[in-house]
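One structure is given here, and the rest of the page talks about it.
The values are calculated or read from the model by the stated rules, or taken from the named source; none is laboratory data. This one's a predicted model, so the numbers in the text were calculated from it and none came from an experiment. All Cβ positions, glycine included, derive from the backbone under ideal geometry; neighbour counts span all protein chains shown. Side chains are part of the model used for accessible areas, which takes the heavy atoms of the whole protein and leaves out ligands, DNA and RNA. Shrake-Rupley method; radii C 1.70, N 1.55, O 1.52, S 1.80 Å.
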Amino acid sequence: KRHKFWESQPVGQFKDIGDTSLPEGPIEAPTPLSEVKQEPYNLPNPYEWITCDMDSEEMCIEVYTLLTNNYVEDDENMFRFNYSKEFLQWALRPPGYFKSWHIGVRVKNSKKLVAFITGIPARIRVRDEIVNMAEINFLCVHKKLRSKRLAPVMIKEVTRRVHLEHIWQAAYTAGIVLPTPISTCQYWHRSLNPKKLIDVGFSRLGARMTMSRTIKLYKLPDTTATPGFRKMELHDVPAVTRTIRKYLSQFIVAPDFDDNDVEHWLLPKENVVDSYVVECPETHEITDFCSFYTLPSSILGNQSYSTLKAAYSYYNVSTKTPLLQLMNDALIVAKRKDYDVFNALDVMHNGSFLKELKFGPGDGKLHYYLYNYRIKQTLKASELGLVLL
Ligand SMILES: COc1cccc(CC(=N)NC(=O)c2cccnc2OC2CCNCC2)c1
């Protein structure tokens with residue numbers, strides 16, 4: 001039976017879609033700490049839980065290797081996400097993180113890491129409610145252990161550990177439909193290195209298009225167009241926090257960033273996250289902001305290339321510079337840093353620039369979910385102000 005596990009969980013159920021009598025907000029009340037299961041869930045015998053210390057280089061390598069070989073692939077199994085070790089350490093150690101939410105499953109005898117799931121704390125606003133949530137990510141079961149029903153017990157275990165920290169809601173995304181998406185986004189790609197993308201089968205030569213015509217079509221200037229466009233620096237944090245908080249307030253679901261969050265999530269970090277501000281040359285105020293994170297993909301089965309260098313649109317704020325021009329400058333710096341492709345979801349106001357900046361639609365969708373929090377009606381992608389890694 002489909003979704004046997006999810007029908008037992010406090011999530012919006014398909015049967016409740018359209019039932020406007022159900023109130024928006026938590027589905028279940030918090031459990032008294034004494035009633036939260038104190039000991040870990042049982043695993044099938046050969047396996048044991050391990051808390052993954054992401055400060056340990058050795059453990060990082062094990063997590064990196066498991067994900068590199070077993071994490072999410074595209075629908076045609078031509079590419080697999082290849083998060084770097086530095087990226088994983090950044091993604092999993094934000095302000096206030098809990099080591100206990102970095103959960104591994106390993107073989108008792110060999111100590112081999114065979115599965116992983118993580119949570120990080122995040123303050124997320126839903127309309128006017130600020131909710132302490134866990135952002136759940138990196139659920140991965142080794143290819144050889146699929147269909148052993150490990151994922152449900154891993155989800156229950158991370159939920160139990162999140163409950164132990166008095167957090168009762170969560171946010172997560174998936175490429176598949178589960179009960180019940182709060183929103184469904186389309187992803188889009190902008191070619192930066194069309195020749196490589198065609199060689200590896202990520203893109204196809206357009207009808208009546210030659211390779212040289214295609215290269216010309218996606219060519220970008222060497223220099224950015226916006227006066228005052230520069231990399232974000234530490235001293236910009238307070239201004240960026242003010243600017244992004246104001247901008248995100250227009251969306252129904254969005255992170256409630258403070259200075260510490262902005263310093264962690266949005267300060268440039270080599271090969272992890274790039275961020276740029278527009279500082280008005282006259283007033284020196286920060287009027288605009290754009291950012292993208294670095295998530296390469298392994299190219300499965302290609303003789304000439306092993307890695308696709310991809311930039312993923314992160315948070316962008318436009319108050320003075322037209323978003324179209326700001327994002328074109330983001331494409332220019334990504335191309336200059338040798339990215340092959342720039343990806344974006346149609347969340348926030350991204351829909352306003354995708355076609356004009358020559359993004360093409362991807363062949364899949366990304367569904368957003370909340371755990372133990374009902375939303376009255378499904379949100380449009382443009383009502384979402386949340387980007388998960
Ligand atoms: C090109 O290499 C790929 C390797 C694995 C999967 C996919 C397709 C895919 N599933 N893409 C996305 O989910 C996606 C497309 C555009 C923007 N963000 C995305 O996902 C992010 C956010 C969710 N966690 C993964 C990274 C592509």
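What percentage of the solvent-accessible surface of region 104-253, computed with a 1.4 Å probe over protein heavy atoms, is contributed by carbon and sulfur atoms? Working shown, then result.
Numbers: 3960 of 7310 Å².
After summing per-atom areas, the C and S share lands at 54 percent.
Angle check, please: helix 323-336 long axis (alpha carbons) against the longest principal axis of the chain (alpha carbons), in degrees 0 to 90, nearest 10. On a 0 to 90 degree scale, this one is about 90. With protein chains left intact and a 1.4 Å probe, residues in region 1-84 average 62 Å² of accessible area per residue.
In order along region 258-271, the phi-based Karplus estimate (6.51 cos²θ - 1.76 cosθ + 1.60, θ = phi - 60°) of 3J(HN,Hα) comes to 10, 4, 5, 5, 5, 4, 6, 7, 10, 6, x, 9, 3, 6 Hz; Gly and Pro are listed as x. Counting heavy atoms of the protein chains alone, Ile375 has an accessible area of about 20 Å² for a 1.4 Å probe. In terms of distances greater than 21 angstrom between alpha carbons, the cross-link table entries Lys37/Lys108; Lys195/Lys309; Lys37/Lys376 yield Lys37/Lys108; Lys37/Lys376.
Rounded to the nearest Hz, the phi-derived 3J(HN,Hα) couplings of region 26-38 under the Karplus curve 6.51 cos²θ - 1.76 cosθ + 1.60 (θ = phi - 60°) are x, 8, 10, 6, x, 8, x, 3, 5, 8, 6, 3, 7, where x marks glycine and proline. Think of each Lys and Arg Cβ as +1 and each Asp and Glu Cβ as -1; about the Cα centre, that makes the dipole of the chain roughly 1560 debye. Solvent exposure of region 297-389 amounts to 39 Å² per residue of accessible area, where only protein heavy atoms count and the probe is 1.4 Å. Applying the Karplus relation 6.51 cos²θ - 1.76 cosθ + 1.60 with θ = phi - 60° to region 198-213 yields 3J(HN,Hα) values of 6, 4, 8, x, 6, 10, 10, 4, x, 4, 6, 10, 9, 5, 5, 5 Hz, where x marks Gly and Pro. Taking each of Lys337/Lys358; Lys99/Lys335; Lys85/Lys112; Lys143/Lys231 in turn, the alpha-carbon distance tops 30 angstrom for Lys99/Lys335; Lys143/Lys231. For region 301-389, a Kirkwood hydrodynamic radius built from all Cα pairs, placed in the Stokes-Einstein relation at 10 °C and 1.306 mPa s, yields a translational diffusion coefficient of 105 µm²/s. Amide H contacts under 5 Å for Ala171: Ala134, Glu135, Ile136, Tyr371, restricted to partners 5 or more places along the chain or on a different chain, H placed in the peptide plane at 1.01 Å from N. Of all aspartates and glutamates in the structure, the ones whose alpha carbon falls short of 17 Å from that of Lys365, not counting any fewer than 8 places away in one chain, are Glu73, Asp74, Asp75, Glu76, Asp346, Glu383.
A 1.4 Å probe run over region 181-291, with the rest of the protein chains in place, finds 50 Å² accessible per residue. Among His235, His367, the order of accessible area from largest down is His235, His367, computed with a 1.4 Å probe on protein heavy atoms.
Backbone amide hydrogens, once placed in the peptide plane, bring Ile50 within less than 5 Å of Gly104, Val105, Arg106, excluding anything fewer than 5 places away on its chain. Averaging the sequence gap over all C-alpha pairs within less than 8 Å and six or more residues apart, then dividing by the number of residues, gives region 45-164 a relative contact order of 25 percent. Per residue, the average separation of C-alpha pairs within less than 8 Å and at least 6 apart gives region 1-104 a relative contact order of 26 percent. Helix 57-70 axis versus longest C-alpha principal axis of the chain: approximately 80°, rounded to the nearest ten. When peptides 215-224, 306-315, 160-169, 58-67 are ranked by their average number of other Cβ atoms within 10 Å per residue, the highest-first order is 306-315, 160-169, 58-67, 215-224.
At 222 nm, what value in deg cm²/dmol follows for the chain if DSSP H runs of at least 4 each add -39500 (n - 2.57) and the sum is divided by all its residues, to the nearest 500? Helices in the chain give a 222 nm mean residue ellipticity of -6500 deg cm²/dmol.
For Val317, nonlocal amide neighbours, meaning residues 5 or more places apart or on other chains whose placed amide H falls under 5 Å from its own, are Phe289, Cys290.
For region 297-366, the residue among Ala334, Leu308, Ser352 whose Cα projects farthest onto the positive side of the dipole built from Cβ charges is Ala334. Distance from the Cα centroid of region 103-172 to that of region 251-283 is 26 Å (rounded to whole angstrom). Calculate the length of the line joining the C-alpha centroid of region 345-368 to that of region 294-323, in whole Å. Measuring centre to centre over Cα atoms gives 13 Å. Measure off, as a whole percent, the carbon and sulfur share of the 1.4 Å-probe accessible area of region 303-361, all protein chains present. Solvent-exposed carbon and sulfur of region 303-361 make up 49 percent of the total. In the chain, the convex hull through the Cα atoms has an average projected area of 21.0 nm², a quarter of its surface area.
Express the relative contact order of the chain as a whole percentage, based on alpha carbon pairs under 8 Å and six or more residues apart in sequence. After rounding, I find 23 percent. For region 1-74, with all protein chains in place and a probe radius of 1.4 Å, 54% of the accessible heavy-atom surface sits on carbon or sulfur.
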